[in-house]
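Notes follow the structure.
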Amino acid sequence: MIALTKEEQKTFLELLAEVPEFRKGNAIKYSLRDVLFLAIFAILCGANTYTGMQTFSELHIKELRKYLELPEGIPSHDAFGDILSRVDIQAVNQCFRIFTDQIQMAEKQDVVVALDGKTIRRSQSEKHRAFHIETAYLSDMQVVLGQVAIDEKSNEITAIPELLKMLTLQKCTVTIDAIGTHESIAKAVREAGAEYILPVKENQPTMLDDIRFYAENEVFTEKHSVLAGEDRYAVQNDKGHGRIEKRECYIFDSADWLKEQYHWTDLHGVAVIRSTRTMINTGETSTYDRYFIYSHTEMTAERFLKLQRKHWTIENNLHWCLDCCFHEDDMHVRLGHAAVVINSFRKLCMQMLKADSTVKDSLAGKRQRCAWSFDYALSVALNFALSLP
């Protein structure tokens, strides 16, 4: 990985100044840069509503005027909502791409870029359905690489190729949930220079039945010792959350019948992960199988387990944090595309907090520190530059 040079680094305020002004005329009271900074800074410090943005800014106006103009004071909560609902979301996202564009992912082995969608609850209005955000997440570094907003989840199949075109993915592995298991998406991933791992579920019923039949009759019947000797079997054991989980992985890349029947771009092999969960308190055990296709020409069962496991970081380290640390699903934001803009701000604040190494604390703990200490919050925001290992 390569870090940004001092010349390439920009302060947070310099980045915000690059967002183009969309308002016209001489009656503009509040600088767009100032409004964007106040909104993001307030979110960083615990505000979850427009009223919270206004209240936080008013309480700290004396300190804020050292860095911002604010000739007309602090915007009202209505002004925050009006501006954030109309600002150019593409420009907002693009101004922060300077960091992710510098990431040299090909220098690290088995880099996983996980794609997954999340609906912003309570963002629906009479004019549009709830916004759905498709996000690309660099699992190893816990960095958001890009996102695309859609107002219907059924459009996710068309949004994913659009998102892939925004990214530099050479030699990465792209993982997606079952909605991304589509021939056009597999082709788009390969055209981007990446490998794919795609789950096969009921949305591909014929392929699922064929793979399941082959696995039960040709793979599961072989001895584990034989399969392990050929790197086609591996096992992981985890204990936590009141259960013990055993994950067994079987891979088979010699299924020529599958490649002949399903002409997916560069389809090379199939993997099965059999998970056995035992509840510690009750001893109750359940077993279920998950099926996948992949494009890698060199794959082992142990490697597949590691790659697939990384996909869940987007759920555990991004979407869960948006809901539990930033309370995204509790915020009623319905005007224009403000919900999408604020979603981007939350993700930015999350990356600010994760990039800060001055204290050792959880994400929620760091956000609480920002609420308690203006100086700490200011250092997190103004010194923000993505430092890559």
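The values are calculated or read from the model by the stated rules, or taken from the named source; none is laboratory data. The structure presented is a predicted model; accordingly, all values stated were derived computationally and were not measured. Counting neighbours? That spans all protein chains shown, and the Cβs are built from the backbone with ideal geometry, glycine included.
Just for segment 9-36: of the residues that are acidic (Asp, Glu) and not in a loop (DSSP other than H, G, I, E, B), which one is modelled with the highest pLDDT?
Filtering first and then ranking leaves Asp34.
Counting the residues of segment 70-92 that are under 14 Å from Leu38 (Cα atoms) and at pLDDT below 90 gives 0.
Tell me, please, whether a residue that is without any contact (Cβ under 8 Å) to a residue 40 or more places away in the chain and either of a type in the set (D, E, K, R) or assigned to a helix (DSSP H, G or I) (or both) can be found in segment 135-145. Scanning segment 135-145, I find no residue that is without any contact (Cβ under 8 Å) to a residue 40 or more places away in the chain and either of a type in the set (D, E, K, R) or assigned to a helix (DSSP H, G or I) (or both), so the answer is no.
Does Thr206 qualify as being at pLDDT 90 or above and either under 24 Å from His263 (Cβ atoms) or surrounded by 18 or more Cβ atoms within 10 Å (Cβ to Cβ) (or both)? Considered against the rule, which asks whether it is at pLDDT 90 or above and either under 24 Å from His263 (Cβ atoms) or surrounded by 18 or more Cβ atoms within 10 Å (Cβ to Cβ) (or both), Thr206 comes out as yes. Have a look at Ala377, Ala338, Ala371, Ala364 and point out the one that is modelled with pLDDT under 90 and either among the charged types (D, E, K, R) or not assigned by TED's automatic domain parsing to the domain that holds Met141 (or both). Step by step, each of Ala377, Ala338, Ala371, Ala364 is checked, and only Ala338 is modelled with pLDDT under 90 and either among the charged types (D, E, K, R) or not assigned by TED's automatic domain parsing to the domain that holds Met141 (or both). All told, Arg212 falls short of being charged (D, E, K, R) and at pLDDT below 85.
Suppose the filter is surrounded by fewer than 20 Cβ atoms within 10 Å (Cβ to Cβ) and over 30 Å from Lys366 (Cα atoms); does Gly242 pass it? No.
Screening Glu298 against (1) under 20 Å from Cys249 (Cβ atoms); (2) touching a residue at least 24 places away in the same chain (Cβ under 8 Å) leaves a single unmet condition, (2). Looking across segment 179-219, the residues that are hydroxyl-bearing (Ser, Thr, Tyr), within 28 Å of Asn155 (Cβ to Cβ) and over 19 Å from the mean Cα position of the chain (by Cα) come down to Ser184, Thr206.
Listed here are the residues, each with its yes/no results for (1) surrounded by fewer than 21 Cβ atoms within 10 Å (Cβ to Cβ); (2) under 29 Å from Ser184 (Cα atoms); (3) at pLDDT below 85; (4) of a type in the set (Val, Ile, Thr).
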{"site": "Leu68", "(1), (2), (3), (4)": "yes, no, no, no"}
{"site": "Lys108", "(1), (2), (3), (4)": "yes, yes, yes, no"}
{"site": "Val113", "(1), (2), (3), (4)": "no, yes, no, yes"}
{"site": "Glu126", "(1), (2), (3), (4)": "yes, no, yes, no"}
{"site": "His132", "(1), (2), (3), (4)": "no, yes, no, no"}
{"site": "Thr135", "(1), (2), (3), (4)": "no, yes, no, yes"}
{"site": "Lys153", "(1), (2), (3), (4)": "yes, yes, yes, no"}
{"site": "Ile160", "(1), (2), (3), (4)": "no, yes, no, yes"}
{"site": "Leu169", "(1), (2), (3), (4)": "no, yes, no, no"}
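Six or more apart or on different chains, Cβ atoms under 7 Å: show the pairs whose first residue is in segment 189-201 and touching a residue at least 60 places away in the same chain (Cβ under 8 Å) and whose second is of a type in the set (Asp, Glu). Close Cβ pairs (under 7 Å, with a partner that is of a type in the set (Asp, Glu)) amount to Arg190/Asp266; Pro199/Asp177. Name the single residue that is modelled with the lowest pLDDT among those in segment 341-361 being polar (S, T, N, Q) and farther than 18 Å from Leu38 by Cα. Only one residue tops the list, namely Ser357. Residue-level check: of (1) assigned to a helix (DSSP H, G or I); (2) out of contact with any Asp or Glu (no Cβ under 9 Å at 6 or more places or on another chain); (3) not acidic (Asp, Glu), Leu208 misses just (2). With a requirement of 3 or more residues that are within 30 Å of Cys45 (Cα to Cα), the helices (runs of 4 or more DSSP H) lying completely within segment 249-350 that satisfy it span 320-324. Determine if segment 220-237 includes at least one residue that is within 19 Å of the chain's Cα centre (by Cα), in a strand (DSSP E or B) and surrounded by 19 or more Cβ atoms within 10 Å (Cβ to Cβ). Among the residues of segment 220-237, not one is within 19 Å of the chain's Cα centre (by Cα), in a strand (DSSP E or B) and surrounded by 19 or more Cβ atoms within 10 Å (Cβ to Cβ), which makes the answer no. With respect to Asp329, is the statement that it is surrounded by fewer than 16 Cβ atoms within 10 Å (Cβ to Cβ), modelled with pLDDT of 90 or more and of a type in the set (Asp, Glu) true? Here the answer is no, as Asp329 does not meet what is asked. For first residues located in segment 213-240 and over 19 Å from Thr300 (Cα atoms), partners that are surrounded by 10 or more Cβ atoms within 10 Å (Cβ to Cβ) and lie 6+ apart or on another chain with Cβ distances below 9 Å form the pairs Asp238/Ile244; Asp238/Glu245; Asp238/Lys246; Asp238/Arg247; Lys239/Glu245; Lys239/Ile280. The set of residues in segment 217-269 being charged (D, E, K, R) and at positive phi consists of Asp231, Asp266. Ala17 falls short of the stated requirement of being out of contact with any helix residue (DSSP H, G or I) (no Cβ under 7 Å at 6 or more places or on another chain) and in the same structural domain as Leu348 (by TED's automatic domain parsing).
For every residue, the table says whether it meets (1) among the β-branched types (Val, Ile, Thr); (2) not in a helix (DSSP H, G or I).
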| site | (1), (2) |
| --- | --- |
| Lys127 | no, yes |
| Asn155 | no, no |
| Thr168 | yes, yes |
| Ile179 | yes, no |
